[in-house]
Amino acid sequence: MATIDAGRMLEDLYEAREIGKYKTGVHRPTFSADDVKARHWLEQRLTEAGLDASIDGIGNVYGRDPRPGRKLLTGSHIETQNHAGWLDGILGVVYGLETARALGRGIDVVAFADEEGHFTSFVGSRSFCGTFSEQDIDACANRETGQSLRDALRQAGFSNRPRQTVDTARYRGYLEAHIEQGSDLEDQHLRLGVVTGIVGSKRYRIVFDGQQNHAGTTRMSARKDAGVALVKFLASVEETFPKIAGPRTVWTTGDIKLAPGAPSIVPGRAELIFQWRDTDQAILERLDEAFHALLVESNKGPCTATVAYHSVTMPAIMDPALQSALTASAQKHASGLHQAMPSGAGHDAQIVSQVMPSAMLFIPSIGGISHHWSENTSDEDIVLGCRVFADAAESILATA
Ligand SMILES: [Zn+2]
C-alpha cells in the first residue's frame, strides 16, 4: 500500500501559500509575477520527485515519469482567483506530487494554466488536449487588465517554448482532487466526495420588446409593458421547472434590465439572463423544451420575446472504473464517510475527460466557502484526502 508522507505534503501546501500570500489566502492571478514564481517552484518540486519537469508554451507545468509503463495523469491548476483561497487548484497538484513520491513510479503531474479564466476558461487543459489553437491564443486578453495572452506569455518567459499535447496511449486516465467549494459534504458530516459528473449548462439572454410610453397617461389596457412580460415569463419558469427538474438541477436568473428604467415610463424593452445546470443531458434538454414552450406562451401576450444569446456546455461524465477505485479507497480509509456526488463547478477534468477516462475526488470546504481568502479545509481532511487519492492511484495503476 502507498504510504504518503503527510508532513511533507502539508509543508508543500504551506510553502506554496507564501507565494502571493493575502491574509490567510492567496492572490495569484494567471501569469502575475507570483503565479510565474509558483510555476517555477512547482517545476523544481517535480524535478526533485524524479520527474522530467518543464513549463510549456502555454504555461502548463508538466512532470513526466521517465520510467517505462503506462501512467496515471494527476493534477489540477495553481493560479487563483483574485484574493482567493490557498487550496483551490494547488491541492490537486500537491496530491499528485506526493503520490508520485509515495508510489515511486507511474505518476505524471500537471498544473494546467488559467483554469480560473483570467484570460479565458481552461486555457491549459484545452491546449493540452489539442483544442486551443494559435488563433485562440491571439483572441485572448486578460479580462481585467486587457493585456493580450501573447504578451502575458512573453512577459512570463514562456512564449518561445513548444506546447505539450497529450499522448493518450501513455495514460490509464486522469485523476484530479479538489476542494468541494460547497457545503454538501460538511452538512452531511462526510469527509470525501467521489464525483460522478461535472455539470453542463444552458444559458440564455432573452429580450422582451413592447412599447415605451408615458406612465401617467397610458391606460392599463393599452400598454405593451416589456417589464410585465418578463416578470410573467419568469414566474411561469419558476412554476414549471420544479415539476420537471432533477434532484440536483439548479437554475438562476443572473440579471434583469428594464429600459429605459425610469419611474414614469412604461418599459419598452426588458432583458434577462437565465441559466440552468445539471449533469444529466436529458434533463438539460427537457428543461430546454419547456423553456421554449413558455417563450411561445409569452409571445401570445402584447410583447415579443426573442432569444438574443444562447450558449451550451455539455456535462462531463466521470469514468466508472476510476470512480470505483476512488470509492474503494475512500471506504478503506473512511468507512461510511464518503458519497458519490456531482460537481456544480467546472474543473479541468471536464476538458481532459473528452480525451481519456477521468475522475475527481472532493474534500470538504469549511463553511462551503471558496473563491475567497478565508477558504479552508482542516489538515486532517487534507491528509485523509491525499491517502485516499494515493491508494486509488496505486490500485488504478495495478490494473493498467
Ligand atoms: Zn479550482
Worksheet item: Of these, THR131, THR168, THR120, THR145, which one is surrounded by fewer than 20 Cβ atoms within 10 Å (Cβ to Cβ) and within 16 Å of the ligand (Cβ to nearest atom)?
Response: THR120
Practice prompt. Could you tell me which numbered condition LEU91 fails, if it satisfies all but one of (1) open to solvent by 10 Å² or more (accessible area, probe 1.4 Å); (2) in contact with a His (Cβ under 8 Å, 6 or more places away or on another chain)?
Written response: (1)
Worksheet item: So which pairs qualify, if the first residue must be in the stretch 362-389 and more than 23 Å from GLU115 (Cα to Cα), the second must be among the charged types (D, E, K, R) and crowded, with 16+ Cβ neighbours inside 10 Å, the Cβ gap must be under 7 Å, and the two must be at least 6 apart or on different chains?
Response: ASP381/ARG191; LEU384/ARG191
Discussion item. ALA2 - would you say it is in contact with an Asp or Glu (Cβ under 7 Å, 6 or more places away or on another chain) and either touching a residue at least 24 places away in the same chain (Cβ under 8 Å) or surrounded by fewer than 19 Cβ atoms within 10 Å (Cβ to Cβ) (or both)?
Written reply: yes
Discussion item. When you check GLY124 against the structure, is it of a type in the set (Gly, Ala, Ser), within 17 Å of the chain's Cα centre (by Cα) and at pLDDT 95 or above, yes or no?
Written reply: yes
Discussion item. Please count how many residues of the stretch 327-344 are within 20 Å of the chain's Cα centre (by Cα) and either open to solvent by 60 Å² or more (accessible area, probe 1.4 Å) or over 19 Å from ALA359 (Cα atoms) (or both).
Written reply: 1
Worksheet item: Taking the stated definitions as given, is SER324 of a type in the set (S, T, N, Q) and open to solvent by 40 Å² or more (accessible area, probe 1.4 Å)?
Response: yes
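Matching residues to (1) more than 31 Å from the chain's Cα centre (by Cα); (2) among the aliphatic types (A, V, I, L, M); (3) closer than 30 Å to PRO357 by Cβ; (4) crowded, with 16+ Cβ neighbours inside 10 Å:
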| position | (1), (2), (3), (4) |
| --- | --- |
| ARG205 | no, no, no, yes |
| ARG219 | yes, no, no, no |
| ARG223 | yes, no, no, yes |
| ALA229 | yes, yes, no, yes |
Worksheet item: Scanning for something under 30 Å from TYR22 (Cβ atoms), of a type in the set (Gly, Ala, Ser) and part of a helix (DSSP H, G or I), does the stretch 346-358 turn up at least one residue?
Response: yes
Worksheet item: Which pairs have Cβ atoms under 8 Å, sit 6 or more apart or on different chains, and link a residue in the stretch 225-248 that is modelled with pLDDT of 95 or more to one that is surrounded by 18 or more Cβ atoms within 10 Å (Cβ to Cβ) and hydroxyl-bearing (Ser, Thr, Tyr)?
Response: ALA229/SER298; LYS232/SER298; PHE233/SER298; SER236/SER298; PHE241/THR249
Worksheet item: Which members of the stretch 85-130 meet the condition of being touching a helix residue (DSSP H, G or I) at 6+ places or on another chain (Cβ under 6 Å), in a loop (DSSP other than H, G, I, E, B) and among the charged types (D, E, K, R)?
Response: ASP114, GLU115
Worksheet, complete the sentence: Scanning the stretch 153-165 residue by residue, those exposed (fewer than 13 other Cβ atoms within 10 Å of the Cβ) and touching a helix residue (DSSP H, G or I) at 6+ places or on another chain (Cβ under 9 Å) turn out to be ASN160
Discussion item. I need every pair where a residue in the stretch 296-309 that is at pLDDT below 95 has its Cβ under 9 Å from the Cβ of a residue that is among the charged types (D, E, K, R), sequence separation at least 6 or different chains.
Written reply: TYR309/ARG203; TYR309/ARG205
Worksheet item: Residue check: is GLN181 within 30 Å of GLY336 (Cα to Cα), of a type in the set (S, T, N, Q) and in a loop (DSSP other than H, G, I, E, B)?
Response: yes
Fill in: Tally, over the stretch 72-111, of residues that are near the ligand (Cβ under 10 Å from one of its atoms), in contact with an Asp or Glu (Cβ under 8 Å, 6 or more places away or on another chain) and more than 13 Å from LEU175 (Cβ to Cβ)
10
Discussion item. As an exercise: evaluate GLU98 against (1) open to solvent by 10 Å² or more (accessible area, probe 1.4 Å); (2) more than 20 Å from GLY59 (Cα to Cα) and give the number of the one condition it does not meet.
Written reply: (1)
Fill in: Leading residue by the ranking (farthest from the ligand (Cβ to nearest atom)) among those in the stretch 184-201 that are outside any loop (DSSP other than H, G, I, E, B) and open to solvent by 10 Å² or more (accessible area, probe 1.4 Å)
ASP187
Worksheet item: Could you count how many residues in the stretch 46-81 are open to solvent by 10 Å² or more (accessible area, probe 1.4 Å), out of contact with any Ser or Thr (no Cβ under 8 Å at 6 or more places or on another chain) and in a strand (DSSP E or B)?
Response: 3
Item to complete: Could you grab me the full set of residues in the stretch 377-400 that are among the aliphatic types (A, V, I, L, M) and modelled with pLDDT under 95?
Response: ALA400
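The values are calculated or read from the model by the stated rules, or taken from the named source; none is laboratory data. Nothing here was measured: the structure is a model prediction, and the numbers come from that model. Please note: Cβ atoms are built from the backbone with ideal geometry, for glycine as well, and neighbour counts cover all protein chains shown. Accessible surface is based on the protein model in full, side chains and every heavy atom, while ligands, DNA and RNA are left aside. Shrake-Rupley method; radii C 1.70, N 1.55, O 1.52, S 1.80 Å.
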